[in-house]
Amino acid sequence: MEANHIEVRHLTNQDMEELREASEQVYKAGPLLTWTKERVDTLLTKFPEGQICVCVDGKVVGCAFSIIIDYRKFSDDHTYEQIVSGFSFDNHDHNGDVLYGIEVFIHPDYRGLRLARRLYDVRKELCENLNLRAIMAGGRMPNYEQHAATLSAKQFIDKVKRKELYDPVLSFQLANGFHVRKLLKGYIPGDTQSQEYATLLEWANIYYTKSVKLINAPKAEVRLGLVQWQMRNMKDINQLFEQMEFFVDAVSDYKSDFILFPELFAAPLMEHYNHLSVTQSIRELAKYTDTIRDKFVEFAIAYNINIITGSMPCIYDGKLHNSGFLCRRDGSWEQYDKVHVTPAEKRNWAMHGGNRVKVFDTDCGKIGIMICYDVEFPEYARLLSDQGMNILFVPFLTDTQNGYTRVRHCAMARAIENECYVAIAGAVGNLARVNNMDIQYAQSALFTPSDFAFPTTGIKAEATPNSEMLLIVDVDLDALKELHSHGSVNTMKDRRHDVYQLSLVNPPEGKK
């Protein structure tokens, strides 16, 4: 069948005659689900927004009917009759949480035009716009009758999932993002094709919010400020504070949500201890850490911005660590540690790695923070992603272009593997009178997954190499949600947990 014009729109009472004709062609075998004028009138009265039709050259040739239900009132073992309540549709509840699909059909003469897919896309749009958590439906299995003698219903479903068998309803539902939640028995009595079985199908609305906030709602567009910090000699800590505040002030003027400083950006203060061994001088620098952190907390509140402080040497439990702080704009703060210290950090500074692997909650969603060398360990980032991370911040410090290349390419890989944004910020310039911190090389950047919604290179923005500057860039968290469910590939969903698993030795509190 050829078509010159296709339109998907809401059904009206004037469409009833054409709808009845299409319904009768679909259900020639009997009046099991034939849609009468009375039934359609009831649906249009109770929930007109949920009744959708598709027209080919002005003629109604298919429809998708649905109601809203409070799913808590039904068990997973419900029947079609319990949902439609004798076609009175008394279970329709405007305050419900699930859009329940009670019918989809296409006139046999118009199949092959992918019309059902259009109806499903509009139904998904309706679910999202109504802020309902899911679409659910009972799906018939019309081809099961041909295999019932040799396969159980469960075996039939598994073979359809693996594409070893085809079922016009189930195969279509699976291809449109639905998953089988449960096998139902006796869903529609008299459905001999399905042997009275049905699949309870569910499509989750990734944009659903349990309660819509009028203020302080989660942000979809998040603005980041990445500081490419110039290492320069500084006479005292006040000069360091001035440079810190300059960048915080500048980024705040652009209403950024986060600012990221590099790893060990306060290293210029070590110049005053250059007469000591490198092991001793960095421990002297650690004495400034609490004061610098408190100043960052002050800036976070004053400039209304979340600050990721890069890293500083930090002594606790009698050991030297490479640590930083997330200073939130509400005044709260949390510490993070470099988990994997480099051979040079062990050898020259006797530095120890931390053991905390966790994501941080912010007013812009969940973030992860990994310091430099940490990003070269993919399992670490995957554990953060499993905890809901959307943005990974990587403060780094590399002396040569070789070291920078390792950080850069590993960060790009982490963005693709974990379907998240990765922001890296490093230091540039030279420190003539600081042992073990002579030269730096950096090009700060924001990396993305590699799919149609993102840059083809996976690079959203990048700074000029080896020049002090600010990089300000926006990220779209909704694009990540779309990617997780509808990307060209689904690296998070397609992992083979039946073959391999990854877990923390000491899970965060509440994650065991």
Exercise for the section: Determine the pairs where a residue that is in contact (Cβ under 8 Å) with a residue 40 or more places away in the chain and within 25 Å of ILE307 (Cα to Cα), located within the stretch 417-440, has a partner that is basic (Lys, Arg) and in a strand (DSSP E or B) with Cβ atoms under 8 Å apart, the partner being 6 or more residues away or on another chain. Expected result: TYR421/LYS460
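Every residue, every condition in (1) surrounded by 20 or more Cβ atoms within 10 Å (Cβ to Cβ); (2) over 30 Å from ASN95 (Cβ atoms); (3) out of contact with any strand residue (DSSP E or B) (no Cβ under 8 Å at 6 or more places or on another chain); (4) outside the structural domain of VAL104 (by TED's automatic domain parsing), yes or no:
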| site | (1), (2), (3), (4) |
| --- | --- |
| GLY138 | yes, no, no, no |
| MET141 | yes, yes, no, no |
| THR150 | no, yes, yes, no |
| LEU165 | no, yes, yes, no |
Problem - Pair list, Cβ under 6 Å, 6 or more apart: the stretch 369-397 residue over 14 Å from ARG408 (Cβ atoms), other residue acidic (Asp, Glu) and not in a strand (DSSP E or B) - result: ILE371/GLU263; TYR380/ASP374
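Every residue, every condition in (1) in contact with a Lys or Arg (Cβ under 9 Å, 6 or more places away or on another chain); (2) charged (D, E, K, R), yes or no:
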site	(1), (2)
GLN401	no, no
ALA427	no, no
ARG433	no, yes
ASN436	no, no
ALA445	yes, no
ALA453	no, no
ASP474	yes, yes
LEU480	no, no
ASP498	no, yes
Fill in the blank from the handout: Out of (1) modelled with pLDDT of 95 or more; (2) small (Gly, Ala, Ser); (3) farther than 21 Å from VAL394 by Cα, the one GLY225 does not meet is (3)
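Here is a yes/no grid of residues against (1) under 18 Å from TRP349 (Cβ atoms); (2) modelled with pLDDT under 95; (3) of a type in the set (A, V, I, L, M, F, W, C); (4) within 33 Å of the chain's Cα centre (by Cα):
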{"residue": "LEU240", "(1), (2), (3), (4)": "no, no, yes, no"}
{"residue": "MET244", "(1), (2), (3), (4)": "no, no, yes, yes"}
{"residue": "PHE258", "(1), (2), (3), (4)": "no, no, yes, yes"}
{"residue": "HIS272", "(1), (2), (3), (4)": "yes, yes, no, no"}
{"residue": "ALA300", "(1), (2), (3), (4)": "no, no, yes, yes"}
{"residue": "GLY324", "(1), (2), (3), (4)": "yes, no, no, yes"}
Problem - Test result for VAL339, buried (at least 24 other Cβ atoms within 10 Å of the Cβ), of a type in the set (Val, Ile, Thr) and in contact with a helix residue (DSSP H, G or I) (Cβ under 7 Å, 6 or more places away or on another chain) - result: no
Completion exercise
For the stretch 270-321 the number of residues that are surrounded by fewer than 16 Cβ atoms within 10 Å (Cβ to Cβ), in a strand (DSSP E or B) and of a type in the set (A, V, I, L, M, F, W, C) is 1
Exercise for the section: Could you please tell me which pairs satisfy a Cβ distance under 7 Å, a separation of 6+ or placement on different chains, a first residue in the stretch 315-338 that is in contact (Cβ under 8 Å) with a residue 60 or more places away in the chain, and a second residue that is part of a strand (DSSP E or B) and aromatic (Phe, Trp, Tyr)? Expected result: GLY324/TYR336
Handout entry: Residue in the stretch 236-255 that is nearest to TYR273 (Cα to Cα), counting only those that are charged (D, E, K, R) and in contact with a helix residue (DSSP H, G or I) (Cβ under 9 Å, 6 or more places away or on another chain)
Key = ASP236
Exercise for the section: Could you look through the stretch 123-159, keep only residues that are among the aliphatic types (A, V, I, L, M) and in a helix (DSSP H, G or I), and pick out the one that is nearest to ILE102 (Cα to Cα)? Expected result: LEU126
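To keep it simple, each residue is scored yes or no on (1) touching a Phe, Trp or Tyr at 6+ places or on another chain (Cβ under 7 Å); (2) modelled with pLDDT of 90 or more; (3) within 26 Å of VAL180 (Cα to Cα).
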{"site": "LYS37", "(1), (2), (3)": "no, no, no"}
{"site": "PRO48", "(1), (2), (3)": "no, yes, no"}
{"site": "PHE65", "(1), (2), (3)": "no, yes, yes"}
{"site": "ASP70", "(1), (2), (3)": "no, yes, yes"}
{"site": "LYS73", "(1), (2), (3)": "no, no, yes"}
{"site": "ASP97", "(1), (2), (3)": "yes, yes, yes"}
{"site": "ARG118", "(1), (2), (3)": "no, yes, yes"}
{"site": "LEU126", "(1), (2), (3)": "no, yes, yes"}
Practice task
Specify which of the listed residues (PHE105, PHE74, PHE89) is of a type in the set (Phe, Trp, Tyr) and surrounded by fewer than 18 Cβ atoms within 10 Å (Cβ to Cβ).
Solution key: PHE74
Fill in the blank from the handout: ILE188 passes all but one of the listed conditions (1) over 32 Å from the mean Cα position of the chain (by Cα); (2) assigned to a strand (DSSP E or B); (3) not aromatic (Phe, Trp, Tyr); the exception is number (2)
Completion exercise
Of the residues in the stretch 450-469, those that are touching a helix residue (DSSP H, G or I) at 6+ places or on another chain (Cβ under 6 Å) and of a type outside the set (Ser, Thr, Tyr) come to ASP451, ALA453, GLY458
Handout entry: Residues of the stretch 347-379 classified as assigned to a helix (DSSP H, G or I), surrounded by fewer than 19 Cβ atoms within 10 Å (Cβ to Cβ) and in contact with a His (Cβ under 8 Å, 6 or more places away or on another chain), total
Key = 1
Practice task
Could you check how many residues of the stretch 438-460 are modelled with pLDDT of 95 or more, surrounded by fewer than 18 Cβ atoms within 10 Å (Cβ to Cβ) and outside any loop (DSSP other than H, G, I, E, B)?
Solution key: 1
Practice task
For the stretch 161-177, indicate whether the set of residues that are more than 29 Å from the chain's Cα centre (by Cα), outside any strand (DSSP E or B) and among the small types (Gly, Ala, Ser) is non-empty.
Solution key: no
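The values are calculated or read from the model by the stated rules, or taken from the named source; none is laboratory data. Fair warning: this is a prediction, and the values are worked out from it, not measured in the lab. Cβ sites come from the backbone with ideal geometry, for glycine too, and all protein chains shown count toward neighbours.
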